[in-house]
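Written out below as structure tokens is the structure these notes cover.
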Amino acid sequence: MYYKDEYEFMSDSGHEIEGIWYPRVTTIMDIKSKPALYHFYSAVGFANGEKIKEQSANEGTLVHEAIEAILVGEEPIIDASIEPSILAFKTFLEKTPIKTRPELIEQKIIHKEYRYAGTADAVVTIGDRLGILDIKTSKSIYRDYNLQTAAYFDVLKKDYPELSTRWIMRIDQVDVCEVCGATMRRKGGRDKITKPWPAQKACSPANHVWKDTEGIVELKEFPGSHTNDFEAFLSAKRLWEWENEFWLKRIGYL
């Protein structure tokens, strides 16, 4: 990626904390190949893709803020665009209580040994276990998330020795065709229709009969040791450092 100077690089790629600059976990993760993202850009074009991506990020922020407020017992004002997702989350909480405290939301982390920083969405208790909860508004739960949560886990386990697991919670919403079962995902101003299987059963585009938007909550756990995932994250970090060697040497990180 092109940067006009080291200040733009530092702002775009990391955080300065107590006078020391650290690369951001999510920026490091961008070095990993993302075939689904490449397919998305090829389908909609780069410029349009950037607009959709930006709007999707704004919608994701609304979901994060609402979920995190609810987790600490607040009743946030819910934007109509995300209401089905938030109602689904409230229903989920009735069956699977999640406990946390305000100070465990948006946890800032710094790994001084491996020199990176980031923000974990929440540290929560589900059942009798304490773990990291990372909230996503993506179409699927991708394996890349293992690496991101492992980067947070390796820092937070020092402050919370009882920390034992990691969860990804995917929050989404879709319209479902009551005739053929196709789904339409409205995200970033783009209506993406996924045909049912087998596709021969799909209605023609003009004949879909869409039901009210349904919220989706999917919780996936990454149990056991985080070691393998953390080693993979450090490998991604080393590749990211290689890719950005010019700027990292210029700012004195390398």
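The values are calculated or read from the model by the stated rules, or taken from the named source; none is laboratory data. Since we're looking at a predicted model, the values are computed, not measured. Counting neighbours? That spans all protein chains shown, and the Cβs are built from the backbone with ideal geometry, glycine included.
Summary of values
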item	result
First in segment 7-22 and under 17 Å from E241 (Cα atoms), second anywhere and aromatic (F, W, Y) and not in a helix (DSSP H, G or I), Cβ under 6 Å, 6 or more apart	F9/Y3; M10/W21; G14/W21; G14/Y22; H15/Y22; Y22/Y116
Residue list for segment 60-86, restricted to those being under 21 Å from D191 (Cα atoms) and in a helix (DSSP H, G or I)	G60, T61, L62, V63, A80, S81, I82, E83, P84, S85, I86
Whichever residue in segment 217-236 is among the charged types (D, E, K, R) and in contact with a strand residue (DSSP E or B) (Cβ under 9 Å, 6 or more places away or on another chain) and, among such residues, is farthest from A150 (Cα to Cα)	E218
Of all residues making up segment 197-237, the number that are under 28 Å from S85 (Cβ atoms), touching a Leu at 6+ places or on another chain (Cβ under 7 Å) and among the aliphatic types (A, V, I, L, M)	0
Entirely in segment 1-59, the helices (runs of 4 or more DSSP H) that have 2 or more residues that are under 19 Å from I141 (Cβ atoms)	25-29, 35-44
Any pair with Cβ under 8 angstrom, 6 or more apart, that starts in segment 55-79 at a residue that is under 12 Å from F89 (Cα atoms) and ends at one that is assigned to a helix (DSSP H, G or I) and β-branched (V, I, T)	V63/I82; V63/I86; A66/I82; A66/I86; I67/I86; I70/I86
Residue within segment 80-97 that is among the aromatic types (F, W, Y), surrounded by fewer than 18 Cβ atoms within 10 Å (Cβ to Cβ), over 19 Å from S56 (Cα atoms) and in contact (Cβ under 8 Å) with a residue 12 or more places away in the chain present	no
L133 being at pLDDT 95 or above, in a strand (DSSP E or B), buried (at least 19 other Cβ atoms within 10 Å of the Cβ) and under 17 Å from the mean Cα position of the chain (by Cα)	yes
Unique residue being over 20 Å from the mean Cα position of the chain (by Cα) and among the small types (G, A, S) when the list is G14, G19	G19
Within segment 13-53, tally of residues that are under 20 Å from G252 (Cβ atoms), out of contact with any Phe, Trp or Tyr (no Cβ under 7 Å at 6 or more places or on another chain) and surrounded by 11 or more Cβ atoms within 10 Å (Cβ to Cβ)	6
Search result, residues across segment 190-233 that are closer than 27 Å to L163 by Cβ, of a type in the set (S, T, N, Q) and assigned to a loop (DSSP other than H, G, I, E, B)	S225
Exclusive hit being crowded, with 17+ Cβ neighbours inside 10 Å and closer than 24 Å to R170 by Cα, set G189, G215	G215
Residue ID - farthest from the chain's Cα centre (by Cα), chosen from residues in segment 136-162 that are surrounded by fewer than 19 Cβ atoms within 10 Å (Cβ to Cβ) and either of a type in the set (K, R) or assigned to a strand (DSSP E or B) (or both)	K158
W240 vs. criteria under 29 Å from S81 (Cα atoms) and either polar (S, T, N, Q) or crowded, with 18+ Cβ neighbours inside 10 Å (or both)	no
